[in-house]
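Data block below; observations after.
The values are calculated or read from the model by the stated rules, or taken from the named source; none is laboratory data. Quick caveat: nothing in here was measured; it's all calculated off a predicted structure. Neighbour counts run over all protein chains shown; Cβ positions are idealised from the backbone, glycine included. Just so you know, the surface numbers come from the protein's heavy atoms only, side chains and all, with ligands and any DNA or RNA stripped out. Shrake-Rupley method; radii C 1.70, N 1.55, O 1.52, S 1.80 Å.
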Amino acid sequence: MIWTRSSRRIAALAAACGLLIAALPAPAEAPSAQQLIEQTVTQVLGILRDESRTTAQRRVELERIAHQRFDFRTMARLVLGRDWKRLDAAERDEFVDQFTTYLANDYGKRLDRYQQENVVVAGEEPKPRGDVVVKTKIVGGENDGAIVDYRMRKGADGSWRIIDVVIEGISLVANFRDQFREVMNKSGPQGLLERLKEKNAILDG
């Protein structure tokens, strides 16, 4: 059955994603990948620790600006892998939209579990294709000590965006790829889209 996951890894992944969905004032010069993560962590922790905001307000604010930090289209393409070619242009657009909504709904609902965690940025490491992995560690809370790596890719505009999150060696992209491949093999693109719509309807409820 798809969406069956290790509770600790998913909790850590939710915390990591939640801690990184935020907007920053546009700088005169685009920050490096590590600088972007450092600045974003500071900004997001400020939002999560602001007791004047309700959980709903924090969720709306963080979800609204998630697109500024994550390249969801690239993530969606990587998640489907070779199956991406089985979708036509309209189906690809719909999958990106439904996949993004699923992530936002799923992890946005976990904000109440924030336990004053902090994030230590440990450095960055170059990867193939010009990508960079920024290494971090969660400090405090139930996920204390969890190692979180953010794979980032520079866009045409020169800015870095997150294309994968790896928790203790488990890739978000690879995790979803395995789950979605099973649905694609059984039901094809339309079956996968319908399954995502069903999941999103439940999370919205």
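Computed over protein heavy atoms with a 1.4 Å probe, the carbon and sulfur contribution to the accessible area of segment 133-202 reaches 48%.
Given axes a ≥ b ≥ c from the Cα gyration tensor, I'd like to know whether segment 47-162 is rounded (a/c under 1.5), prolate (a/b larger than b/c) or oblate. Walk me through the intermediate numbers first.
Values: a/c = 2.12, a/b = 1.31, b/c = 1.62.
In terms of gyration-tensor shape, oblate.
Using the heavy atoms of the protein chains alone and a 1.4 angstrom probe, what is the accessible area of segment 72-183 per residue in square angstrom?
Numbers: 5270 Å² over 112 residues.
Accessible area per residue: 47 Å².
With a 1.4 Å probe rolled over the protein heavy atoms of all chains, the accessible area of Phe95, Phe72 falls in the order Phe72, Phe95, largest first.
Tell me, what is the FRET efficiency for Gln39 and Ala89 to the nearest 0.05, using R0 = 35 angstrom and their Cβ-Cβ distance as r? Please list the in-between numbers first.
Values: r = 35 Å, r/R0 = 1.00.
Efficiency at R0 = 35 Å is approximately 0.50.
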